[in-house]
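Asks: Have a look at this one before I ask anything.
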Amino acid sequence: MLQRQKHELKEQFQDRKKIYELVCKKNADRAIVMSNIYVNIKYMGNKYSKELEDELNQYIAQL
């Protein structure tokens, strides 16, 4: 079960949870990683490798 982090706003958690649930259908171990990357990109403007961002974009397209 995905837990809300102490510093996390409700909106951020809800966004992270959506990605987590999508990724979890394919790979439960990868779900936490991808959901964290998603909120880091969306809310903090972080950048990741093209491969990671491409993988994440496949899930974002399903939202």
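Asks: Once you place label points 7 Å from the Cα toward the Cβ at Glu21 and Ala61, how far apart are they in nm?
Replies: It is 2.1 nm.
Asks: Taking only DSSP H segments of four or more residues, each worth -39500 (n - 2.57), what value at 222 nm results for the chain once the sum is divided by all its residues, to the nearest 500 deg cm²/dmol?
Replies: -22000 deg cm²/dmol
Asks: Can you give the charge dipole size of segment 10-60 about its Cα centre, rounded to the nearest 20 debye, using +1 on the beta carbon of Lys and Arg and -1 on the beta carbon of Asp and Glu?
Replies: In total the dipole reaches around 160 debye.
Asks: List every DSSP H helix in the chain whose Cα atoms extend 18 Å or more along the helix's own long axis and whose mean Kyte-Doolittle hydropathy is at least 0.0.
Replies: For the chain, where a helix must reach 18 Å along its axis and average at least 0.0, the hits are 28-44.
Asks: With 25 Å as the limit, write out which pairs from Lys17/Lys47; Lys18/Lys47; Lys10/Lys50 have Cα-Cα distances beyond it, or answer none.
Replies: The pairs that break the limit, which is 25 Å between Cα atoms, are Lys10/Lys50.
Asks: Multiply the residue separation of Glu51 and Leu9 by 0.36 nm, subtract the distance between their alpha-carbon atoms, and state the gained length in nm to one decimal.
Replies: That pair, Glu51 and Leu9, stretches by 12.3 nm at full extension.
Asks: Candidates (1) 1.38; (2) 1.42; (3) 0.93; which is the computed Rg/Rh (Cα atoms, Kirkwood Rh)?
Replies: Evaluating Rg/Rh (Cα atoms, Kirkwood Rh) on these atoms matches (3).
Bear in mind these aren't lab numbers, they're just calculated from the coordinates by the rules spelled out. Here the structure is a predicted model, which is why all the values come from computation and not from measurement. For neighbour counting, all protein chains shown are included, and Cβ atoms are generated from backbone atoms with ideal geometry for every residue, glycine included.
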